[in-house]
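A.B. asks: First, the structure itself, so that you have it in front of you.
Coordinate-derived values only; no laboratory data. Predicted model, so just to flag it, every value in this text is computed and none were measured. Cβ sites come from the backbone with ideal geometry, for glycine too, and all protein chains shown count toward neighbours.
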Amino acid sequence: MNTNVTSQPFSTEATTMADQAADSANSAIRSTQNVANAALDRLANKVESARDQAVPLINRLSSQAETAARRGVDAVRDTSAQLREKAMKASDSTVGYIKDEPVKAMLIAAATGAALMALVSLISRSHRAD
């Protein structure tokens, strides 16, 4: 019997098929790697583009926020100066009235003090009754 002759071509054929399958698998792996690399490159380019667009927007928003904060501080400063000026005018007016009408000013102050004391007394009584 000649068993060597029939098994050798089968062995060679199996090896050839295994080599072809391995080559096909390697080719598929390289193709998949190329597709994945291309996709990652596109994604990296999109991220870079988004970052490039975001930086000027962030800078503009920062500048606008700084400008708004400056305006707010200026408005508070102006309002504070106006209130200070009005308080000084009211103080000067009160001092002038007291100088012009000292007796009347004393009577008004006494009446105001008495009214406040009566109000405090009423409030404290209502709290005790509860």
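A.B. asks: Okay, helix-only estimate at 222 nm for the chain: each DSSP H run of n ≥ 4 adds -39500 (n - 2.57), divide by all residues, round to 500 deg cm²/dmol; what do you get?
C.D. replies: -36500 deg cm²/dmol
A.B. asks: Another question about this same structure. With mean projected area of the Cα convex hull in nm² in mind, check [x] 10.7; [y] 12.4; [z] 25.2 and report the label derived from this structure.
C.D. replies: Here the calculated entry is [z].
A.B. asks: To the nearest 20 debye, what charge dipole does the stretch 9-129 have about its Cα centre, counting +1 at the Cβ of each Lys and Arg and -1 at the Cβ of each Asp and Glu?
C.D. replies: Dipole about the Cα centre, nearest 20: 1180 debye.
A.B. asks: Run the reach check for Lys89 against lysines, Cα to Cα strictly under 21 Å, same-chain hits fewer than 8 apart removed. What comes back?
C.D. replies: Lys99, Lys104
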